[in-house]
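Take a look at the structure below.
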Amino acid sequence: MPAVPVRTAPPAVLDSPAGGALNLIFTTLPAVLRLTCGLVAAVVALSVRTPPVQTALLLPTVAVLTAWSLWYAARTLHGGVTPSLVAGDVALTTAACLLIPQLVAPEVLPGEGSWIAVLASTTVINAQVTAPARWSISAGLLVTAGYATGAHAAGNPREATAHAATLLVQTGCTAMMSAVMRRRISRADRSFAEHQRLAREALLARTARESERRQNRDLHDTVLGTLTMIGLGAVSGPSVALRERCAADLRTLTALADARGVPGDGPVALDDRLRAVRDRLPELPVTLELAACAAPAAVADAVTASVYAALSNVARHAPGATAELRLARDARGVVVEVIDDGPGFDPATVLPHRYGLRESVRGRMAAIGGSARIDSAPGAGTRIRLEWPGVG
């Protein structure tokens, strides 16, 4: 009689947590129920052996059923419920029911409380939770028929009718409960799997968008920035600084195209990185006030690139201006300020499609969990404050 194997191990994937928990319950409970009821039934059976109970038949029957209870529990807990376990349990219980005249004393048979009645109920309930309905219901009917036949043969038709009705109710109710639980659990697992799929797709899409934004920021701050400076006339004639800037831009493009490895994320000297930024813009007078500070490489990269974008804006849009670059550590973390005495601007008038401050500064800082504040006004210069809270 085929049955649905129920394993004690958790599911191989995390897409069916509810189903895995239900399978574990439907494995553990039948094993515990069969073992406890089997041992209690053995004690009760041996305690009442008045005629017509045949001791020569009772003793081996109890021994076989007790050994089966132990085997059933051990196999179920270690390997799950198999079709052979379900079939064996139903067969042994039905056989015991047919032998009621020889195994149960007449005075304990009425009241549906004999050890055979308990054994029959246990088998019926276990069959419903461990086998599909098309087999478990048939198993319940077979055990019911066996009990009714045995109780009639023992001369107690009232007990036969009463407990047969109880077994039928147990079969129907347990089968219905198991079917409802399996359907609801299956629906919950499908919903969970769909949520996981959508979450993975959203993560992939978000990662792709962030990668695209990061590349656009790098391009904006290097090649496009250099071309804009040339177009605005900030560089006239042959220039060593221009050659060095173009070489740095080329290195950035090469790094973008190189997918052979991922840089480490150990601590690096952020103040040294910021000094290198000043050296990349020799045409802009920059005063440095840098405290010694170490930060993770990814954070240092983002802060350095944001500072470079801010200073490039000064060199590009405020020729002749001077700038200050400050680095400090306070109780909230790392604080970097870029201050210039250029003409300034009104941040509220910056068009949404302009990429510089929105992505090259704010976007980079947001990507590492930091923030950027831009204070400026026409004729009042500009102050950009970068904060990263990860260092105390």
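Among residues of segment 142-163 being touching a Ser or Thr at 6+ places or on another chain (Cβ under 6 Å) and crowded, with 22+ Cβ neighbours inside 10 Å, the one that is nearest to VAL124 (Cα to Cα) is VAL143.
Pairs meeting the criteria (first residue in segment 47-68 and surrounded by fewer than 12 Cβ atoms within 10 Å (Cβ to Cβ), second residue small (Gly, Ala, Ser), beta carbons under 6 Å, at least 6 apart or on different chains) are THR50/ALA105. Considering only residues in segment 81-101 that are buried (at least 18 other Cβ atoms within 10 Å of the Cβ) and polar (S, T, N, Q), the one that is farthest from VAL129 (Cα to Cα) turns out to be THR94. Among the residues of segment 301-346, those identified as surrounded by fewer than 16 Cβ atoms within 10 Å (Cβ to Cβ) and either outside the structural domain of SER360 (by TED's automatic domain parsing) or among the hydrophobic types (A, V, I, L, M, F, W, C) (or both) are ALA328, ALA331.
Picking from residues in segment 107-118 that are surrounded by fewer than 17 Cβ atoms within 10 Å (Cβ to Cβ) and touching a residue at least 24 places away in the same chain (Cβ under 8 Å), the one that is nearest to VAL44 (Cα to Cα) is VAL118. Identify the residue in segment 167-188 that is of a type in the set (S, T, N, Q) and in contact with a helix residue (DSSP H, G or I) (Cβ under 6 Å, 6 or more places away or on another chain) and, among all such residues, is nearest to ILE25 (Cα to Cα). Top of the filtered list is SER178.
Each row is one residue, and each column tells you yes or no for (1) over 48 Å from the mean Cα position of the chain (by Cα); (2) modelled with pLDDT under 90; (3) of a type in the set (Val, Ile, Thr); (4) within 16 Å of PRO51 (Cα to Cα).
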site	(1), (2), (3), (4)
GLU112	yes, yes, no, no
ILE125	no, no, yes, no
ARG134	no, yes, no, no
ALA139	no, no, no, no
THR144	no, no, yes, no
THR149	yes, no, yes, no
GLU159	yes, no, no, no
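The values are calculated or read from the model by the stated rules, or taken from the named source; none is laboratory data. Source: prediction; values computed, not measured. Cβ coordinates were reconstructed from backbone atoms using ideal geometry, including for glycine residues, and neighbour counts include every protein chain displayed.
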